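Student: The structure that follows is given in the form of structure tokens.
The values are calculated or read from the model by the stated rules, or taken from the named source; none is laboratory data. Fair warning: this is a prediction, and the values are worked out from it, not measured in the lab. Backbone-built Cβ (ideal geometry, glycine too); neighbour counts: all protein chains shown. Note: accessible area is taken over every heavy atom of the protein model, side chains too, but ligands, DNA and RNA are not part of it. Shrake-Rupley method; radii C 1.70, N 1.55, O 1.52, S 1.80 Å.
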Amino acid sequence: MAAEAPAAETGLWAKIKQELREWGATLAIVAPAFLLFTGLLYEQRVIPSESMVPTLEVGDRVAVAKFAFGYGRYSLPLSIGRYLPLGEGRFFPGTPERGDVVVFEHTHSDRVMIKRVVGLPGDTVQMINEELVINGQPVDAEFVRTVRYIPDRTDVIDTAHEWRETIGDKTWLTHRGLRGHAVDDTVLFVVPEGHMFLVGDNRNNSYDSRELSGHCPPVNGVVDRAGCPLRVAADDASIGFVPLDHLIGRADTVLMTFHRCKLQGDEPCRKRVWKGL
């Protein structure tokens with residue numbers, strides 16, 4: 001029996017090497033295919049915060065269409081574009097529509113964000129008494145209901161007023177009246193060429209383009225420039241006006257979620273699986 005041990009060990013080692021070769025061949029095919037797919041077509045992002053409630057909840061897994069607005073350094077998978085000596089600009093560039101939910105690289109840091117586009121180059125944007133005003137016209141808004149729910153990582157019940165906003169053929173829900181940092185009134189913003197104005201649907205809990213910390217200083221109550229030196233640390237700055245070059249893609253669908261409905265009372269919970277945005 002002792003004389004057969006080396007042969008058994010050799011046979012086991014041969015099987016291990018064969019398995020490793022097969023796994024290596026599989027990875028050699030799958031890894032490039034995965035990188036090609038996530039770089040050119042779709043990638044998945046997990047929602048980390050409540051800035052887009054009620055449209056997106058913490059834990060929602062969202063499919064992001066990479067081809068929607070063309071390709072640039074920020075479109076590369078795994079955020080590797082920020083480490084490569086690539087120039088600015090995009091191939092096959094496209095411009096989002098007002099109302100699109102987009103994924104993008106933060107203007108002043110390397111964080112990946114998700115917000116809703118409400119202002120395009122040349123637009124004027126302002127918040128007046130919680131009302132979103134674009135090019136001098138209030139966005140159509142209809143009160144839907146008042147909901148009570150428990151925000152993520154808390155045990156405190158919040159009350160929010162749910163509104164339905166509509167721009168053109170796009171409609172979405174927003175939350176107003178929550179505890180948090182309210183931005184009910186703002187200066188007038190004029191979106192510069194090559195930039196966007198983005199907000200979160202959770203209006204009292206979204207650090208977005210309404211906040212002045214990521215913008216140039218207002219002049220006579222108007223902000224119409226981009227690219228000024230920051231007056232705060234980059235990690236503390238808002239997104240300001242977001243360059244179109246920073247787009248990663250358009251969030252199209254909630255594929256699945258690990259979010260558990262936290263609405264109180266008899267309020268119905270909305271579908272969270274394979275839900276279009």
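Student: Within 10 Å, Cβ to Cβ, of VAL46, how many net charges do the neighbouring residues add up to if Lys/Arg are +1 and Asp/Glu are -1?
Tutor: +1
Student: Further, regarding this structure: Counting only protein heavy atoms and using a 1.4 Å probe, what share of the accessible area of region 156-227 belongs to carbon plus sulfur, as a whole percent? Each step should come with its number before you reach the end.
Tutor: On the way: 1590 of 3000 Å².
On region 156-227, the fraction of accessible area on carbon and sulfur atoms equals 53 percent.
Student: If you wrap a convex hull around the alpha carbons of region 81-162, what volume per residue comes out, as a whole number of Å³?
Tutor: Cα-based convex hull of region 81-162, divided per residue, equals 170 Å³.
Student: Take the residue pairs LYS66/LYS262; LYS66/LYS271; LYS17/LYS66 and return only those whose Cα atoms are more than 30 Å apart.
Tutor: Exceeds cut-off: LYS66/LYS262; LYS17/LYS66.
Student: Kirkwood Rh and Cα-based Rg: tell me the resulting Rg over Rh for the chain, rounded to two decimals.
Tutor: 1.12
Student: How far, in nm, would the chain grow between LEU12 and ASP140 when pulled straight, counting 0.36 nm per residue and subtracting the alpha carbon separation?
Tutor: Working: separation 128, 0.36 × 128 = 46.08 nm, distance 7.03 nm.
Gain on stretching LEU12 to ASP140: 39.1 nm.
Student: On to the next question. How large is the direction-averaged shadow of the alpha-carbon convex hull of region 205-259, in nm²?
Tutor: With the hull built on Cα positions only, its mean projection is 5.9 nm².
Student: Show that you can apply the helix-only estimate: for the chain, add -39,500 (n - 2.57) for every DSSP H stretch of four or more residues, divide by all residues, and state [θ] at 222 nm to the nearest 500.
Tutor: When only DSSP H runs of four or more count, the value is -5000 deg cm²/dmol.
Student: Ok, one more. Given R₀ = 45 Å, FRET efficiency for VAL156-ARG90 by Cβ-Cβ distance, to 0.05?
Tutor: 0.55
Student: I've got another one for you. Go through region 41-55 residue by residue and turn each phi into a ³J(HN,Hα) via Karplus (6.51, -1.76, 1.60, θ = phi - 60°); whole Hz please, and just put x for glycine and proline.
Tutor: Coupling constants for region 41-55: 10, 10, 9, 9, 10, 9, 6, x, 9, 9, 5, 10, 5, x, 5 Hz.
Student: Can I ask one more? Taking H placed 1.01 Å from N in the peptide plane, check which residues at least 5 places from MET256 or on another chain put their amide H under 5 Å from its amide H.
Tutor: Answer set, sorted by chain and number: ARG61, TRP274.
Student: Using only Cα atoms and rounding to the nearest 10 degrees, what angle (0 to 90) does helix 5-40 make with the longest principal axis of the chain?
Tutor: It is inclined by approximately 30 degrees.
Student: Can you pull the three principal axis extents for the Cα set of region 45-188, in Å, largest first?
Tutor: Over region 45-188, Cα extents along the principal axes are 48, 39, 27 Å.
Student: A follow-up question, please. Given the options THR124, THR171, THR253, state which has the largest fluctuation in a GNM of the chain using a 10 Å cut-off (strictly under) for Cα springs.
Tutor: Comparing THR124, THR171, THR253 in the GNM, the peak value goes to THR171.
Student: What is the ratio of the Cα radius of gyration of region 58-118 to 2.2 N^0.38 Å, with N the residue count, to two decimals? If you can, show how the numbers build up before the last one.
Tutor: Numbers: Rg = 12.1 Å, N = 61, 2.2 N^0.38 = 10.5 Å.
Taking N as the residue count of region 58-118, the ratio is 1.15.
Student: What's the extension gain from ASP252 to ARG164 if we count 0.36 nm per residue and subtract their Cα-Cα distance?
Tutor: Using 0.36 nm per residue and subtracting the Cα-Cα distance, I get 29.8 nm.
Student: Which length gain, in nm to one decimal place, applies between ARG111 and CYS261 when the Cα-Cα distance is subtracted from 0.36 nm times their residue separation?
Tutor: 51.3 nm is the gain from fully extending ARG111 to CYS261.
Student: Hey, if you drop one equal point scatterer on each alpha-carbon of region 134-277 and run the Debye formula without solvent, what base-10 log of I(q)/I(0) do you get at q = 0.11, 0.21 Å⁻¹?
Tutor: The calculated log intensity ratios at q = 0.11, 0.21 Å⁻¹ are -0.53, -1.47.
Student: Within 10 Å, Cβ to Cβ, of HIS175, how many net charges do the neighbouring residues add up to if Lys/Arg are +1 and Asp/Glu are -1? Write down the numbers at each step before the final one.
Tutor: Values: positive: ARG176, ARG203; negative: GLU50, ASP158, GLU162, ASP201.
Result for the local shell: -2.
Student: Can I ask one more? Please compute the per residue accessible area over the chain with all protein chains in place, 1.4 Å probe, rounded to a whole number of Å².
Tutor: For the chain, the per-residue accessible area is 53 Å².
Student: Tell me the label-point distance for the pair THR171, LEU188, using the 7 Å Cα-to-Cβ offset, in nm and rounded to one decimal.
Tutor: Output for this residue pair reads 3.1 nm.
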